[in-house]
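Report on the structure given below.
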Amino acid sequence: MEKIGVAMTDPMVSYLEKQLEKRFNLFKLWIHPLNSDYLQQNAQSIRAVVVSSSSGADANLIDALPALEVVASFSVGIDKIDLAKCVEKGIRVTNTPDVLTDDVADAAIGLAIAVSRRICECDRFVRSGSWTKGDFGLGTKFSRKSVGILGLGRIGSAIAKRAEAFGCSISYCSRNDKHHSVYKYFPTVLDLAANSQFLFVACNLTQQTKHIINRQVIDALGPHGFLINIGRGAHVDESELVSALLDGRLAGAGLDVYENEPHVPKQLLQLRSVVLLPHVASDTNETSTAMADLVIRNLEAHFRNEPLLTPVT
């Protein structure tokens with residue numbers, strides 16, 4: 001397969017890059033962009049493209065690669081891939097579900113505890129020498145609180161199981177009532193927020209879920225509530241989130257994702273009531289390797305005319 005052209009949209013983990021170079025003729029789009037003479041001369045040989053959660057395959061990229069057969073996402077998210085265009089042109093799409101579920105769920109619970117117990121503030125308090133001048137203030141417990149989960153898919157279910165271990169009561173909102181679930185179902189996110197002290201966002205990003213966490217939902221969560229987002233940044237209306245935190249209409253937020261990554265609203269950076277991660281919820285050595293292996297196996301299956309392991313289209 002070493003003569004098959006595969007493009008990468010941006011640098012990902014070095015392990016994936018090395019494995020692709022071993023098996024295919026790898027084109028690095030951050031070195032040779034779409035408008036470069038080199039890429040235009042080789043575009044006909046590129047039959048696959050590997051994208052990440054920060055990049056994607058839009059119509060321009062798809063049209064620039066006339067021999068493209070498959071888009072492999074080094075992520076579970078597919079919101080940056082023009083699926084309609086892929087379907088129209090018969091291009092297969094794969095992603096990497098399951099292998100990152102545990103890490104993202106772990107990070108979600110970690111964010112909830114970090115922001116409610118003020119873990120990062122505590123760390124700064126000790127390092128600054130402030131402990132010698134007085135005691136630190138009180139935090140909020142996570143155990144036995146009401147937890148609402150927006151999106152009870154793989155990751156949402158894993159968050160629920162972890163929250164159960166803390167004695168939390170679990171509710172959820174999803175496109176449909178999952179009758180097999182033992183958790184309480186709310187048909188709207190507004191109802192879910194009104195009955196939750198911690199609201200976890202774990203649904204897919206679609207046109208319907210963009211800014212689903214708006215002022216009404218934030219106000220329903222209330223001044224003692226915490227918002228945890230490990231989904232996509234665009235799920236949350238960031239201006240309304242900042243406003244609620246500044247006004248005290250929301251107790252705090254734990255965020256791994258942002259609408260215009262890597263740019264984060266400056267006001268969020270100044271707030272003590274938030275814990276911020278740089279979109280790393282799934283970024284462990286073990287999971288990155290497993291995701292890379294799954295990308296490779298999907299590509300190899302496609303070029304051998306075998307069934308894809310994790311097809312999206």
Among strands (runs of 3 or more DSSP E) entirely inside segment 189-302, those with 3 or more residues being open to solvent by 10 Å² or more (accessible area, probe 1.4 Å) and closer than 23 Å to Asp106 by Cα are 274-276
Which residue, of Phe74, Phe142, is crowded, with 21+ Cβ neighbours inside 10 Å and within 30 Å of Phe303 (Cα to Cα)?
-> Phe74
Going by the structure shown, is Ser116 open to solvent by less than 50 Å² (accessible area, probe 1.4 Å), among the hydroxyl-bearing types (Ser, Thr, Tyr), touching a residue at least 40 places away in the same chain (Cβ under 8 Å) and more than 30 Å from Leu299 (Cα to Cα)?
-> yes
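Condition check ((1) within 22 Å of Val280 (Cα to Cα); (2) touching a residue at least 40 places away in the same chain (Cβ under 8 Å); (3) open to solvent by 40 Å² or more (accessible area, probe 1.4 Å)) across all residues:
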{"residue": "Met12", "(1), (2), (3)": "yes, yes, no"}
{"residue": "Leu26", "(1), (2), (3)": "no, no, no"}
{"residue": "Asn42", "(1), (2), (3)": "no, no, yes"}
{"residue": "Leu65", "(1), (2), (3)": "no, yes, no"}
{"residue": "Glu69", "(1), (2), (3)": "no, yes, yes"}
{"residue": "Pro97", "(1), (2), (3)": "yes, yes, no"}
Could you tell me whether any residue of segment 158-165 is under 18 Å from the mean Cα position of the chain (by Cα) and either of a type in the set (Ser, Thr, Tyr) or closer than 22 Å to Glu259 by Cβ (or both)?
-> yes
Might you check whether a residue that is among the hydroxyl-bearing types (Ser, Thr, Tyr) and over 24 Å from Asp293 (Cα atoms) occurs anywhere in segment 108-125?
-> yes
Residue set Tyr183, Tyr172; condition open to solvent by 20 Å² or more (accessible area, probe 1.4 Å), of a type in the set (Phe, Trp, Tyr) and within 28 Å of Asp79 (Cβ to Cβ); output residue Tyr183
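The values are calculated or read from the model by the stated rules, or taken from the named source; none is laboratory data. All values reported here derive from a predicted model rather than from experimental measurement. FYI the Cβ positions are ideal-geometry reconstructions off the backbone, even for glycines, and counts take in every protein chain you see. Remember, those area values only see protein heavy atoms, side chains included, never the ligands or the DNA or RNA. Shrake-Rupley method; radii C 1.70, N 1.55, O 1.52, S 1.80 Å.
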